[in-house]
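Q: I have a structure here, written as structure tokens, and I will follow up with some questions on it.
The values are calculated or read from the model by the stated rules, or taken from the named source; none is laboratory data. Worth saying up front: this structure is predicted, and the values here are computed from it rather than measured. Cβ placement follows ideal geometry from the backbone for every residue including glycine, while neighbour counts extend to all protein chains displayed.
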Amino acid sequence: MPNSKITFDELHRIYLFEALDREQIEQMMHSAHVIKLKAKEGLFDAGQPADRFYMVYSGQVKLFSISAEGDEKVVEILYPGQTFAEAIMFFQKHVYPVSAEAIVDSEVFSFDMKVFRKLLSESNETCFRLLAVMSRRLHVRIDDINNLTLHNATYRLVIYLLEQLPEGVTEFSSIHLSTPKSVIASRLSIQPETFSRILTRLSRNNLIEVKGNDITLLDVTGLRALL
């Protein structure tokens, strides 16, 4: 397993590899390379030829695009265990549609798209298993799109805060925003100043308490009522 410290069990928990059997995963492990990135170091740029896809092993990576006016729009924030750029292997044109950059010091694994496509071409059963997995993820993406397009900024921010809660926690839970607020705001399609105003308003209503990047959800029931 050259240039890799990732294990079979770690890979098998990742949605993209869930459809593969042990022999297939071992082939992907042999194609893996580890890449260490410093904070704000780029991984690839939009328009660059794509022959590998990636998984975040540690740290955080953002996918973003730059508008014609030079403004950055964060498309997604990726955390350990999440894969990205894998859909490109099914495109006719193999180029990265967005750019990728580490938010903090990070470690990612890259995998050869050709190896993955070869595994699929050799097994119809694997293709159907992968389709089932990707269909489940599609429903999650549709919910994300609805949140970004159909609801206002307060709704989107409250949803984000509630998603950070540990499972089973209902009240007085403190969460730490390890991602810069400006990046979160961009991901939620909220202007930074609007982001700050919403946090202030929620604080005044005694729904949350903000201390730097630490936020205590004082009234989870009240937050959910806003939805």
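Q: Specify the residue that is surrounded by the fewest Cβ atoms within 10 Å (Cβ to Cβ); the eligible residues are those in the range 202-219 that are touching a residue at least 40 places away in the same chain (Cβ under 8 Å) and out of contact with any helix residue (DSSP H, G or I) (no Cβ under 7 Å at 6 or more places or on another chain).
A: In this case the residue turns out to be 214.
Q: Out of the residues in the range 93-136 that are of a type in the set (Gly, Ala, Ser) and surrounded by 15 or more Cβ atoms within 10 Å (Cβ to Cβ), state the one that is farthest from residue 12 (Cα to Cα).
A: Once the filter is applied, the top-ranked residue is 99.
Q: Restricting attention to strands (runs of 3 or more DSSP E) lying wholly within the range 21-67, give those where 1 or more residues are buried (at least 19 other Cβ atoms within 10 Å of the Cβ) and of a type in the set (Val, Ile, Thr).
A: Answer list for the range 21-67: 52-58, 61-66.
Q: Which of (1) in a loop (DSSP other than H, G, I, E, B); (2) within 22 Å of residue 21 (Cα to Cα) does residue 70 not meet, given it meets every other one?
A: Condition not satisfied by residue 70: (2).
Q: Filter the range 54-105 down to the residues that are among the hydrophobic types (A, V, I, L, M, F, W, C), under 12 Å from the mean Cα position of the chain (by Cα) and closer than 17 Å to residue 32 by Cα and list them by number.
A: 55, 56, 84, 85
Q: Given the criteria at pLDDT below 90 and surrounded by fewer than 16 Cβ atoms within 10 Å (Cβ to Cβ), does residue 178 qualify?
A: Here the answer is yes, as residue 178 does meet what is asked.
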